[in-house]
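The values are calculated or read from the model by the stated rules, or taken from the named source; none is laboratory data. In this text, all values refer to a predicted model and were calculated from it rather than measured experimentally. Here the Cβ positions follow ideal geometry from the backbone for every residue, glycine too, while neighbour counts run over all protein chains shown. With ligands, DNA and RNA removed, areas are computed over all heavy atoms of the protein, side chains included. Shrake-Rupley method; radii C 1.70, N 1.55, O 1.52, S 1.80 Å.
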Amino acid sequence: MSFSVLGTGMYVPPKVVTNDDLSQIIDTNDEWIMQRVGIHERHFSEQETAAEMGYRAALAALENSGVRAEELDLILAASVSGETISPSVSCEIQGRLGVSCMTMDINAACSAFDFMLETAAGFFARKKVKKVLVVGTERLSRLIDWTDRSTCVIFADGAGAVVLGEGNGYIDAVFDVKGGLDVINIPQPVGSSPYYQRGQERKPCIHMRGQDTFKFAVTAICRDSVQVLERNGFSFDDVAYIVPHQANKRIIDFASAKLKVPKEKFYVNIDRFGNTSSASIPIALDEMNRRGMLKKGDLLLLPAFGGGLASAACLLRW
Ligand code: UT7
């Protein structure tokens, strides 16, 4: 027994910030951001926490699926930008939903949605659950170094969610993790222990070596996608849509050229939402679902990559 997606939801804060708006506070311009990243505008929270956004996306997904919150057996959530380490974001969402099922956070940065689907698949396989809520939610604006123009124009806020039920939609996934602090790093504050010997402390915000991340991302998206398709006997021709993590439009364009897969097969919405890390794939799925783009039986490929460094690619039948 595996699972199928019963419904999708998303929430983005109402505050829309364009490239022109950003150029008022930092030395950048619309032309550079559009050409190098493909973002035109993004949403930033003025009040909502990551948990609040996740809760709102969860409500939308529950409504879309016709599942009541009380039916949930498990809530999985991911966020690198939750306001508290404890309670976890999944606990916060559960509390707001007023239910008492098991909850768990998964920390795999931008790849977390795929890691959560694989985790959910394990619970379904063991027949421990019938209905599962999966949420990716980020308030990355609180982790942005607003003096670093190479990151503050990319990252954004938002949440996406799916409700899963018993079925045979989930096919397989591959994962690749290379642990290390060098390429992408979001340090926590070191604290004030009188015993800890302090060294060079980095600011608790997103540090990213952009070009190294870019190369890793293109390699990962291509390798993981080919691997998961081949080992399940599929080719790119069988895939209705590739729904990748939305990190940079040029990463998607490079992958499309390298794999010789037409650009039209890749769903892209980074122009309107920026890079929302763990939320980007479920936000894209919700848009596609509500636009009526997804037909029952469509094969979807979901490649993701980011901090860890971690990457993954899932195969899902709609
Ligand atoms: O979601 C997690 C995974 N993340 C990713 O996959 C992100 C991967 N990396 C990237 O998307 C790109 O590397 C960035 C968008 C972060 C940066 O783009 P880049 O094309 O790699 O630019 P760069 O950092 O090599 O900088 C090139 C030039 C520099 O100027 P000089 O030194 O050549 O004069 C930068 O100062 O572009 C300049 N630059 C900017 N100019 C205007 C960097 N950021 C900006 C900016 N506006 N916002």
Residues of the stretch 43-98 classified as closer than 27 Å to Asn19 by Cα, of a type outside the set (S, T, N, Q) and open to solvent by less than 10 Å² (accessible area, probe 1.4 Å), total: 5
The stretch 6-32 residues that are among the acidic types (Asp, Glu), paired with ones that are open to solvent by 60 Å² or more (accessible area, probe 1.4 Å) (beta carbon under 7 Å, 6 or more apart): Asp27/Arg149; Asp30/Asp20
Residue within the stretch 219-232 that is within 14 Å of the ligand (Cβ to nearest atom) and part of a loop (DSSP other than H, G, I, E, B) present: no
Out of Arg231, Arg149, sole residue that is more than 18 Å from Gly306 (Cβ to Cβ), surrounded by fewer than 19 Cβ atoms within 10 Å (Cβ to Cβ) and assigned by TED's automatic domain parsing to the domain that holds Ile75: Arg149
Some residue of the stretch 267-274 being open to solvent by 20 Å² or more (accessible area, probe 1.4 Å) and in contact with a Phe, Trp or Tyr (Cβ under 9 Å, 6 or more places away or on another chain): no
Residue in the stretch 254-261 that is touching a Ser or Thr at 6+ places or on another chain (Cβ under 6 Å), touching a residue at least 24 places away in the same chain (Cβ under 8 Å) and assigned by TED's automatic domain parsing to the domain that holds Asp182 present: no
Those residues of the stretch 275-318 which are in contact with a Ser or Thr (Cβ under 8 Å, 6 or more places away or on another chain), more than 16 Å from the ligand (Cβ to nearest atom) and open to solvent by less than 10 Å² (accessible area, probe 1.4 Å), in sequence order: Leu285, Asp286, Leu301
